[in-house]
Amino acid sequence: MNPTPPIDPHVRARRQAAVLAALARVLPRDAILASREETTPYECDGMSAYRESPLVVVLPSSDAEVAATLKACHAHRVPVVARGAGTGLSGGALPHPLGVTLSLAKFTRIVAVDPEACTATVQAGVRNLAISEAAAPFGLYYAPDPSSQIACTIGGNVAENSGGVHCLKYGLTLHNVLGVRGFTADGAAVEFGSSALDAAGLDLLPLIVGSEGMLAVITEVTVKLVPKPILARCIIASFADIESAGRAVANVIAAGIIPAGLELMDRRMTAVAENYVHAGYDLEAAAILLCESDGTALEVDEEIGRMTAVLEASGATRIAASRDEAERLKFWSGRKNAFPASGGISPDYLCMDSTIPRRRLAEMLLSIQAMESTYGLACVNVFHAGDGNLHPLILFDAADADQLRRAEEFGADILETSVRLGGTISGEHGVGVEKLNSSCVQFSPAERAQFFAVKRAFDPEELLNPGKVIPTLARCAEYGKMHVHRGLLPFPDLPRY
Amino acid sequence: MEPRDADRRDAALLRVLDAVGEARARRDPLEIRGGGTKGFYGEAPRGRPLELGGLAGIVNYEPSELVVTARAGTPLAELEGALAARGQMLAFEPPRFAPGGTVGGMVAAGLSGPARAASGSVRDYVLGATILAGRGEIMTFGGQVIKNVAGYDVSRVLAGSWGVLGVILEVSLKVVPSRAATATLIIDCGADEARARLKSLGKRPWPLTASAWFRGRLYLRFAGARAAVDLACRDANAAALDPDAAAAWWAGLRDHGHEFFRPEAAALARGESLWRLSLPATADLPDLGGEQCIEWNGALRWWRGGAAPEKIRAAAAAAGGHATLVRAADKSAGAFAPLPASLMRIHRRLQEAFDPDGIFNPGRLYAGW
């Protein structure tokens, strides 16, 4: 990330006084935080390498207060950064140094659970897992399960279009959200989608979901609930080399099986996870696959049989299927703790999040191995293998500025390699500020200009979370790397009309 | 010497670029056309036809990646045939109102068939698209991978955009394995009983992929693993429909083959119209007279009758949904439900952002732009 230019303290103080005066007219006093002690917890999100002190933090507790906050900020042309639980991994909730951070922490009400329609309507600050807990008495749950689900909020999930280990079968946030309500930057109430399966006009929900708080501030979300599977079982399969593990993943899919989860860990990640949770993983394997089936007992037993046959035929050196729920949870415990386990072996890590076509997996992992020597840093790999989403964890020590620089360059190299292999710089963590430079490589100047035009259609003054997601022309020129032409169209040099 | 397929496609692309360039220069509206099978839907098409039928062909298909990429003019039947040959399919069962529909038209119309409630919509399966928009620029959004959150998700907004955001040149779609087994059961009952039964279905572990109620019969389609389908059939304890008859029934429903969906000229002249009401699945509607066909476990109600458009629209809105006027002699009430002012402002600005010259299918979604 490029350092932001320092801000003149006098300019900041004058601005802060004006904003506080405007906000004091519309919000109760305890909903406004401005001292350094109070605002420090809001300086970063889960991407803690990037920090910024917000001008003011507000914690509204009603739709009316959100609308009033936005109107006041709009009148003074003050940027607004909406924030959920702050668990994001790309700096999407990084404060604006001259802006207001709008926390939705008080929006924690479960408005309604409708077991007949299989929907739940909840406020944006409700935690992901709390939705499933509220639906559990009806035998239902909310399917997307990002690894931070005990802490992250549904509003944040909507902002990031979060995935999770089950999204190959159950879809991303977008596929499980029916509608959202909120406000545009000028404080006007707006609704996208509905409780029906579609809404009139253009379908703008896919723009809102994953827009990282740049198009609207969402205060209420209606989600789809699905029946809790009667049974789930998981297979662990070991492979002697990465290539056969990658081929096994393709073979499972090609056999017409959509596993409930299909995860890969490389040898070093397996060792780190095993040391942390003692799940009984095979430490000899070059890679292990976790392959899950869920449904009725009949369906699961049939599918586990088919999965086992495919994995064996693909050269698995060891296969074990969970016999009960306790064993299944044990199989998953290492994978679910991969990030904290990595935190235990290194002072810091950068978690990358690119997606590649699955067939390029072995090639990608070999490239990463080469990069380890180029940048002089170690990297362990976990992979949502079913949908091609890779999470290399680059290990470094942030206390050493040179290591941070090398880690960032290592990360950018992984992202740009992913684009060259036909993939994308972010599968589920978002662009935020972390991947702005890499966006220059993925999108052409015309595409980036179109993104800005989309933003202005919702937010003409560009006040909502400005500076995130879309890099400016100037920034891309400074970064200096070429856009990788991704389209299959044959005339990249055609004259434009 | 025969030109290679790629050269032929490139020539087709150049013709599209030329036509759009001319239209921009003259500010001449274009009617973007694939197979020309959906002209009856939405507001009436107008403008000089921009034919995309020549821009055809499957560009890339990797069954083990669950992704297919095809040019906009590729016939839908050709795409679905290629998928079936590899044991895969489009999960959302796109309608074919007439032979000749294309992949681009399928995405632009954004319509999904009987499987929608269980499997998701065409929008859910769009992974990426290359479009010609703005000031004649070719732009690619999304990609060929299942998980992708880089930039705004522009490709999915194209689903149901009716061409007002530009010309779709190429799309990438997620595909799914074909179902190993399928069975359709019939229960004779009235509409109220059918809806009551459907409400309790969501929690059953049945592999229900479609439901429909029409003229005193509730149709339930189970599809998936053989064992699961057999078990659901035993549990449901209802009469099974012969497989060929079942396939014909669901295809007829998907494609509006039945005369219910295609009122004759005389009926239209009497003031009858066909409406599509999209509602929360469990919502109740007041008695509107006429006749209905219920799909999507209650979330889609096709309604045919002579009630006034304002009455239908008000009933749909009160139930939490919206109503589309599909077939009528008079569509002056607007094909699509009117939008709240705050949402319409965003629509207008978005359309201007993608089509500053106002040449792509103007008036096809809402009159006036």
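Only the coordinates and a few stated rules stand behind these numbers; no lab work does. Quick caveat: nothing in here was measured; it's all calculated off a predicted structure. Here the Cβ positions follow ideal geometry from the backbone for every residue, glycine too, while neighbour counts run over all protein chains shown.
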Dipole magnitude of region A:433-487 about its Cα centre (Cβ charges: Lys, Arg +1; Asp, Glu -1), debye to nearest 20: 200
For chain B, set up a Gaussian network in which alpha carbons nearer than 10 Å are linked by springs, and say which option among B:20, B:149, B:176 fluctuates the most. B:149
Classify region A:154-216 as rounded, prolate or oblate from the Cα gyration tensor: take a ≥ b ≥ c as the square roots of its eigenvalues, call it rounded if a/c is under 1.5, otherwise prolate when a/b beats b/c and oblate if not. oblate
In degrees rounded to 10, the 0-90 angle between helix B:191-201 Cα long axis and the longest Cα principal axis of chain B is 80
Express the relative contact order of region A:28-110 as a whole percentage, based on alpha carbon pairs under 8 Å and six or more residues apart in sequence. 38
Cysteines, chain A, no other Cys beta-carbon under 4.7 Å: A:44, A:73, A:118, A:152, A:167, A:234, A:291, A:351, A:379
Any chance you could give the angle, 0 to 90 degrees and rounded to 10, that helix B:309-318 forms with the longest Cα principal axis of chain B? 70
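Dividing the alpha-carbon radius of gyration of region A:109-177 by 2.2 N^0.38 Å (N being the number of residues), what value is obtained? All intermediate terms of the calculation are to be shown ahead of the outcome.
Numbers: Rg = 11.0 Å, N = 69, 2.2 N^0.38 = 11.0 Å.
Against the compact-globule rule of thumb, the ratio is 1.00.
Residues with beta-carbon under 9 Å from that of residue B:142, excluding residue B:142: net charge, scoring Lys, Arg +1 and Asp, Glu -1?
Details: positive: B:156; negative: B:153.
Around residue B:142, the surrounding residues sum to 0.
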Averaged over the residues of B:279-286, the number of partner chain Cβ atoms within 10 Å of each residue's own Cβ comes to 4
Which lysines, if any, have their Cα less than 17 Å from the Cα of residue B:311, not counting same-chain residues under 8 positions apart? B:331
Treating only the Cβ of Lys, Arg, Asp and Glu as charged (+1, +1, -1, -1), what charge dipole size does the protein assembly as shown show about its Cα centre? Round to the nearest 20 debye. 1700
Selected from B:297, B:237, B:60 as most flexible by GNM, with chain B as the system and alpha-carbon contacts under 10 Å: B:237
Please compute the alpha carbon radius of gyration of region B:255-343, then divide it by the globular-protein estimate 2.2 N^0.38 Å. Two decimals is fine. 1.05
What are the equivalent ellipsoid semi-axes of chain A, built from the alpha-carbon gyration tensor (square roots of five times its eigenvalues), in whole angstrom, biggest first? 38, 28, 22
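Tally Lys/Arg at +1 and Asp/Glu at -1 over every other residue whose Cβ is under 12 Å from the Cβ of residue B:118; what's the total? Could you put the intermediate results ahead of the total?
Values: positive: A:224, B:116, B:179, B:221; negative: B:93, B:124, B:295.
That sum, taken over residues with Cβ under 12 Å, equals +1.
Quick check: net charge around residue A:389, other residues with Cβ under 9 Å of its Cβ, Lys/Arg +1 and Asp/Glu -1? Write down the numbers at each step before the final one.
Working: positive: B:147; negative: A:353, A:387, A:428.
After counting each charged neighbour, the total is -2.
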0 to 90° range, to nearest 10: angle between helix B:341-354 axis and chain B longest Cα axis: 40
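Report the convex hull volume per residue for the protein assembly as shown, counting only C-alpha atoms, in Å³. Intermediate values should be presented prior to the final figure.
Values: hull volume 146.0 nm³, N = 866.
Cα convex hull per residue, to the nearest whole number: 169 Å³.
Just from its helices, what would the mean residue ellipticity at 222 nm be for chain A, if runs of 4 or more DSSP H residues each count -39500 (n - 2.57) and the sum is divided by every residue, rounded to the nearest 500 deg cm²/dmol?
-11000 deg cm²/dmol
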What is the Cα coordinate range of region A:160-254 on the first, second and third principal axes, sorted by size from largest, in whole angstrom? 58, 30, 22
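List the pairs from A:228/A:330; A:71/A:468; A:224/A:455; B:147/B:203; A:455/B:147; A:224/B:199 whose alpha-carbon separation is above 18 Å, in the order I gave them. Each step should come with its number before you reach the end.
Details: A:228/A:330 20 Å; A:71/A:468 22 Å; A:224/A:455 27 Å; B:147/B:203 28 Å; A:455/B:147 22 Å; A:224/B:199 14 Å.
Long pairs (Cα-Cα over 18 Å): A:228/A:330; A:71/A:468; A:224/A:455; B:147/B:203; A:455/B:147.
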